[in-house]
Amino acid sequence: TDTPPQILVPRPVMPMILDQLGQRFRLLRLWETGGETALEAAAPHIRALASTVGGAPVDAALLDRLPKLEIIASFGVGYDHIDAAAAGRRGVVVTNTPDVLTEEVADTALGLLIGTVRQLPQAERYLRAGKWREANFPLSPSLRDRSVGIYGMGRIGRAIARRLDAFGVPVAYFSRTAHADVPYPYHPDLVALARNVDTLIAIAPGTPETRAAINAEVLAALGPRGILINVARGSVVDEPALIEALKTGTILSAGLDVFADEPNVPAELIAMEHVVLLPHVGSAALYTRQAMAQLTIDNLVSWFEGRGPLTPVPETPWRNSPNA
Ligand code: 8YV
């Protein structure tokens, strides 16, 4: 038929996505249209889903309700909210937004690292509280006598490592596999990595394999000078173990952009003056979010023009997939 394909949009996304998709497709904006009843009626006709990190999980149960679904275009590089393997088994393509956010997230990681090590947010609070006139801000730890372990050596991990190179900071890493094209020392597991560095940056994907990988043992290995930076997923850290380690001085501090149950941040973390907490802003610059939005749109347009997905995830059985 000539009716434009119908796209399910479960949660609000950037207006430019709604505008551009709305010009070519029929959108079911679930958050403003009748919820469950609307979905029930439209489900048999839905051909695409525009999804977002932190949005409603796209699991096998939802896929079963969408028999005509062809593609899930997700806004964000991580897609742990989507059961991509289940989608693949049903022949449903999943796309994400790699590359366009790599440098932004690496920038944020370095900002959070330096902010946490040099206690810049605390120093700013100190100035604003009028305490400078009373005394200088206390001396902070330094990046100068630190070495950084990176957990995850994909696109963003490499971009972080490149920046640390330029800063003259030694880097080592652990990831699922050692990479022949990466010059930094590889450690066979997280405990070994943590033992050999005092600063750990998490940038591994949220998978069953990485769940709570940074646990009490890893934090103990990081030691009392230890600083943890997480720009990956809250799920890669055992959050209660982290809170305990921060309370007891097992590690020194943490800079966290992601949490186990966003947007809920444990009160115990909020109460800790020495940690730095950000509301998942790793990619959240207008320039980069527009690029992510455009890639989300372009994946859907390309698909429905018969040109295939631009950036399918590895689980997607697609002939152009770089990982196929
Ligand atoms: C999200 C992210 O896309 O890309 C990712 O994996 O975590 C972010 O860039 C962003 O929070 C929008 O949901």
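The values are calculated or read from the model by the stated rules, or taken from the named source; none is laboratory data. Since the structure is predicted, the reported quantities are computational estimates derived from the model, not experimental observations. We place every Cβ from the backbone using ideal geometry, glycine too, and count neighbours over all the protein chains shown. Quick note on the areas: whole protein, heavy atoms, side chains included, nothing else; ligands and nucleic acids left out. Shrake-Rupley method; radii C 1.70, N 1.55, O 1.52, S 1.80 Å.
Give L110, L49, L62 a once-over and let me know the one that is in contact (Cβ under 8 Å) with a residue 40 or more places away in the chain, part of a helix (DSSP H, G or I) and more than 11 Å from the ligand (Cβ to nearest atom).
Within the list L110, L49, L62, the selection yields L110.
Considering only residues that are away from the ligand (no atom under 13 Å from the Cβ) and either free of Cβ contacts under 8 Å to residues at least 24 places away in the same chain or not assigned by TED's automatic domain parsing to the domain that holds A106 (or both), which ones fall in region 260-273?
If the condition is that a residue be away from the ligand (no atom under 13 Å from the Cβ) and either free of Cβ contacts under 8 Å to residues at least 24 places away in the same chain or not assigned by TED's automatic domain parsing to the domain that holds A106 (or both), then N264, V265, A267, I270, A271 are the ones that fit.
Hey, any hits in region 82-103 for a residue that's away from the ligand (no atom under 16 Å from the Cβ), in contact (Cβ under 8 Å) with a residue 40 or more places away in the chain, surrounded by fewer than 20 Cβ atoms within 10 Å (Cβ to Cβ) and aliphatic (A, V, I, L, M)?
Looking through region 82-103, at least one residue is away from the ligand (no atom under 16 Å from the Cβ), in contact (Cβ under 8 Å) with a residue 40 or more places away in the chain, surrounded by fewer than 20 Cβ atoms within 10 Å (Cβ to Cβ) and aliphatic (A, V, I, L, M).
Return yes or no: is R195 without any contact (Cβ under 8 Å) to a residue 40 or more places away in the chain, open to solvent by 20 Å² or more (accessible area, probe 1.4 Å) and part of a helix (DSSP H, G or I)?
yes
Identify, please: which residue in region 279-306 is more than 14 Å from the ligand (Cβ to nearest atom) and free of Cβ contacts under 8 Å to residues at least 60 places away in the same chain and is, among those, least open to solvent (accessible area, probe 1.4 Å)?
In this case the residue turns out to be S302.
Residue check: is T97 touching a strand residue (DSSP E or B) at 6+ places or on another chain (Cβ under 9 Å), β-branched (V, I, T) and farther than 17 Å from F25 by Cβ?
Answer is yes for this residue.
Inside region 1-46, can you point out the residues that are part of a strand (DSSP E or B) and over 24 Å from the mean Cα position of the chain (by Cα)?
If the condition is that a residue be part of a strand (DSSP E or B) and over 24 Å from the mean Cα position of the chain (by Cα), then Q6, I7, R26, L27, L28, R29, I46 are the ones that fit.
So E315 clears everything in (1) among the acidic types (D, E); (2) within 16 Å of the ligand (Cβ to nearest atom); (3) touching a Pro at 6+ places or on another chain (Cβ under 8 Å) except one condition, right? Which one?
Condition not satisfied by E315: (3).
Which ones in region 17-41 are β-branched (V, I, T) and closer than 14 Å to Q6 by Cβ?
T33
With the requirement that a residue be assigned to a strand (DSSP E or B) and closer than 20 Å to R146 by Cα, what does region 210-253 give you? Steps first, answer last, please.
From region 210-253, those assigned to a strand (DSSP E or B) are 214, 227-230, 237, 253; that's our starting set.
Scanning region 210-253 gives I214, I227, L228, I229, N230, S253.
Might you let me know whether region 198-214 holds any residue that is outside the structural domain of G54 (by TED's automatic domain parsing), without any contact (Cβ under 8 Å) to a residue 24 or more places away in the chain and out of contact with any Cys (no Cβ under 6 Å at 6 or more places or on another chain)?
yes
Which members of region 128-150 meet the condition of being open to solvent by less than 100 Å² (accessible area, probe 1.4 Å) and under 31 Å from the mean Cα position of the chain (by Cα)?
If the condition is that a residue be open to solvent by less than 100 Å² (accessible area, probe 1.4 Å) and under 31 Å from the mean Cα position of the chain (by Cα), then S140, P141, S142, L143, D145, R146, S147, V148, G149, I150 are the ones that fit.
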